[in-house]
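Every number in this text was worked out from the coordinates using simple rules, so none of it is lab data. Keep in mind that this is a model prediction, so the values were computed, not measured. Glycine gets a Cβ as well: all are built from the backbone with ideal geometry, and neighbour counts include every protein chain shown.
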Amino acid sequence: MKISSQLSDESLLKELGGRLAAARIVRNLTQAALAEQAGVSKRTVERLESGEVATQLSGFVRVCRVLGLLERFDAFVPEETASPMAQLKMQSRKRQRATGKKAVAEQSKKWTWGETL
């Protein structure tokens with residue numbers, strides 16, 4: 001199954017779990033052996049492979065490390081790069097923080113005859 005934004009969270013987790021299980025089997029590892037090498041419990045491996053939501057991301061990373069899948073994370077979450085114009089504007093200054101949304105200035109009350117300031 002191809003992973004797309006059309007999948008529900010549950011379907012996506014089950015697909016990722018199935019892929020982890022397949023990678024484990026190709027490497028001829030049992031769930032217990034994978035858990036021991038990754039430093040997680042066997043139950044964590046079972047949860048990851050079944051697509052259960054109650055697993056921690058750190059367990060996922062550990063299992064992927066043992067399976068040799070960490071290099072693929074770069075494609076999973078690519079590093080953000082600035083556009084060429086933004087790079088020219090920055091001139092070797094790296095952004096330290098986001099600016100956020102600017103507050104809308106209060107509209108001044110319109111003055112009418114007879115009012116004092």
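Structure notes:
- Note on GLU15/VAL61: beta-carbon distance plugged into 1/(1 + (r/R0)^6) with R0 of 22 Å gives a FRET efficiency of 0.75.
- Calculated on the alpha-carbon coordinates, the convex hull of the stretch 9-76 measures out at 77 cubic angstrom per residue.
- Simple spin-label estimate for MET90 and ARG72 in nanometres, 7 Å along Cα-Cβ: 2.9 nm
- Sequence-separation-based contact order of the stretch 9-76, relative, with Cα cut under 8 Å and 6+ spacing, percent: 35 percent
- Peptide ranges 15-23, 42-50 listed from the most packed, as the mean C-beta count within 10 angstrom indicates: 42-50, 15-23
- Neighbourhood charge, 11 Å Cβ-Cβ cut-off, centred on GLU52 and excluding it, Lys, Arg +1 and Asp, Glu -1: 0
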